[in-house]
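The values are calculated or read from the model by the stated rules, or taken from the named source; none is laboratory data. Keep in mind it's a predicted model, so treat the numbers as computed, not measured. Virtual Cβ from ideal backbone geometry, glycine too; neighbours counted across all protein chains shown.
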Number of protein chains: 2
Amino acid sequence: MLDVCLLGTGGMMPMPNRYLTSLLCRYNGSSLLIDCGEGTQVAIRKAGLSMNPIDTILITHFHGDHISGIAGLLLSMSNADRKDPVTIVGPKGIEKVVNCLRVIAPELPFKIDYIELEGDCEFTLKGYRIKAFKVFHNVTCYAYTINIDRAGRFDAERAKEQGIPLKMWSLLQKGETVTDGDKTYTPDMVLGPARKGIKLTYCTDSRPNDKIAAEAKDADLFICEGMYGDHEDDHKAKEKKHMTFYEAASLAKKAGVAKMWLTHYSPSMFKPAEYLDAVREIFPETETGKDGKMTELMFEED
Amino acid sequence: MLDVCLLGTGGMMPMPNRYLTSLLCRYNGSSLLIDCGEGTQVAIRKAGLSMNPIDTILITHFHGDHISGIAGLLLSMSNADRKDPVTIVGPKGIEKVVNCLRVIAPELPFKIDYIELEGDCEFTLKGYRIKAFKVFHNVTCYAYTINIDRAGRFDAERAKEQGIPLKMWSLLQKGETVTDGDKTYTPDMVLGPARKGIKLTYCTDSRPNDKIAAEAKDADLFICEGMYGDHEDDHKAKEKKHMTFYEAASLAKKAGVAKMWLTHYSPSMFKPAEYLDAVREIFPETETGKDGKMTELMFEED
């Protein structure tokens, strides 16, 4: 199960009633944060969540509304007595940018590991299989897909037939290879084909592009920027390298995702929901994100 | 008249219902900000004020809760199309610190001038006579007194007696020296003794000290940190180089100020007002600051 909380839904600048866009996911004792603008630490508290368990921070790009809160967050995590290391992932240069911002937080009681992206890539951290892929903004910007993989069903009959000792079963079930004297047992000896896992794709900021639809293919949840809802602002979306609600909905439809949440609204947008009927004509499973909107993405019932 | 708005009252970290401590003053078309923690730009909007006219920013010290919002503020001022220069004042190193934080705001459409403090000093900016003085925190920290001076009354009889042309009167009244042919007229020829101006002293973060009382002497408003109200926290105030409400009240009494507002509350303090009766036994004109608390400091009636 992956807990998902959209902490904020604002773009460009923080507003009194709208935190900047960022996402907190929780899985198996780990918390993963995507983006950290000014006020994200407050949004975490407001949502009733804790910043201390955050072990992974993914940054999409170096615009202030996506990263300016990171030093404050790290400081507050240190005040909350975090000791375990934190991994920060972002475009090439992320370590330098974070170190600059840390001029006000030079000493922290935990280590920071960095993953600097130099192109699309996939890596595994804390049980998340993460795909970072470049999108189409006016600076280098990555979107992220978080996958929680699910192994195949354990076949007790096959395990018995092969005489695998009972004490090995749970390790094999967890995907580990075990040895017993001169014998080696591998998970594929007892597991069926991998089952459908959980897939979440998070994309902001970008112009629409088929690549995004391909990367978000069949996601359980697609969280996508929609800076503008009024067609009068279509040209602004193009100029500023953002999307309209309708462009995001077209991507969602093309990707065949189960659900889409819109986010990263322009400060001038007061009621995102007023465009929802029109957007749902393109992709019916669209929802407008709200600060603190939560869901639990579950494995399918067997 | 000096408009004063206490934008936030929090110390240490921003909270969902409490912005970090900072102050916005307005005088004669200028806006002056003291401190800019994470979320201060939001607090400005929340108070219904504008960040665009801010031309002077005074920073007390380099702890995150007092400066981490400055890059975001400058970015938003640039989005609001500010073109005129901004002066930033702070402890030695302020330019370097702000430039580090500006890694996310490298290009601004206005110039920044810096005043780096290397000890107590007085300077005049935009009609404010500002005294910066070192206080007693665990890093270099300055408090600020903002004075709005008021010239003496214009004596029309004396001006007539001395045969000063009428067209010179308003310039002399504004304190300017004027010449007319070979004659020079100075303000002291027509102005009475300087009248009482407006004085505001802002002090956070510090341990109490007689120097602060001396600097705040007779202020119309003394805004002072009070991190703790419960006597059980007295030792924390000492350890962390902060003040209790009672220590702040003793300073206010010693300084003979007209009024004191407490601010910079610990995140663990829920209801500052519950300590007010006890604090007023020391200094009756104490008020607990609240986010967005405003007043107008006026010249005395003639």
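The table below lists the values:
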item	result
Number of the exception - B:GLY181 against (1) under 19 Å from the mean Cα position of the chain (by Cα); (2) on the phi > 0 side of the Ramachandran plot	(1)
Cβ pairs under 9 Å, 6+ apart, first in the stretch B:13-25 and within 14 Å of chain A (Cβ to nearest Cβ), second of a type in the set (A, V, I, L, M) and in a loop (DSSP other than H, G, I, E, B)	B:LEU20/B:MET12; B:LEU20/B:MET13
Residues (buried (at least 18 other Cβ atoms within 10 Å of the Cβ) and either assigned to a strand (DSSP E or B) or not hydrophobic (A, V, I, L, M, F, W, C) (or both)) located in the stretch A:103-125	A:LEU117
Residue list for the stretch A:266-277, restricted to those being surrounded by fewer than 14 Cβ atoms within 10 Å (Cβ to Cβ) and either modelled with pLDDT under 95 or closer than 17 Å to A:ASP234 by Cβ (or both)	A:SER268, A:PHE270, A:GLU274
Hits in the stretch B:73-97 - residues which are of a type in the set (D, E, K, R), without any contact (Cβ under 8 Å) to a residue 40 or more places away in the chain and more than 9 Å from chain A (Cβ to nearest Cβ)	B:ASP81, B:ARG82, B:LYS83, B:ASP84, B:GLU95
Which listed residue, of A:GLY69, A:GLY37, A:GLY48, is surrounded by 23 or more Cβ atoms within 10 Å (Cβ to Cβ) and over 21 Å from A:THR201 (Cβ atoms)	A:GLY69
Flag if A:THR201 is of a type in the set (S, T, N, Q) and in contact (Cβ under 8 Å) with a residue 40 or more places away in the chain	yes
Any hit, the stretch B:103-126, residues being without any contact (Cβ under 8 Å) to a residue 60 or more places away in the chain, touching a Leu at 6+ places or on another chain (Cβ under 7 Å) and either more than 14 Å from every other protein chain (Cβ to nearest Cβ) or not aliphatic (A, V, I, L, M) (or both)	no
Test: residue in the stretch B:41-55 that is within 19 Å of B:CYS141 (Cα to Cα) and not charged (D, E, K, R)	no
From B:THR263, B:THR288, residue being polar (S, T, N, Q) and either free of Cβ contacts under 8 Å to residues at least 60 places away in the same chain or surrounded by fewer than 23 Cβ atoms within 10 Å (Cβ to Cβ) (or both)	B:THR288
Any chance B:LEU73 is under 19 Å from the mean Cα position of the chain (by Cα) and over 22 Å from A:PRO267 (Cα atoms)	no
Hits in the stretch A:14-23 (condition: buried (at least 24 other Cβ atoms within 10 Å of the Cβ) and within 14 Å of B:SER76 (Cα to Cα))	A:PRO14, A:LEU20
So A:GLU38, is it within 14 Å of another protein chain (Cβ to nearest Cβ) and touching a helix residue (DSSP H, G or I) at 6+ places or on another chain (Cβ under 7 Å)	yes
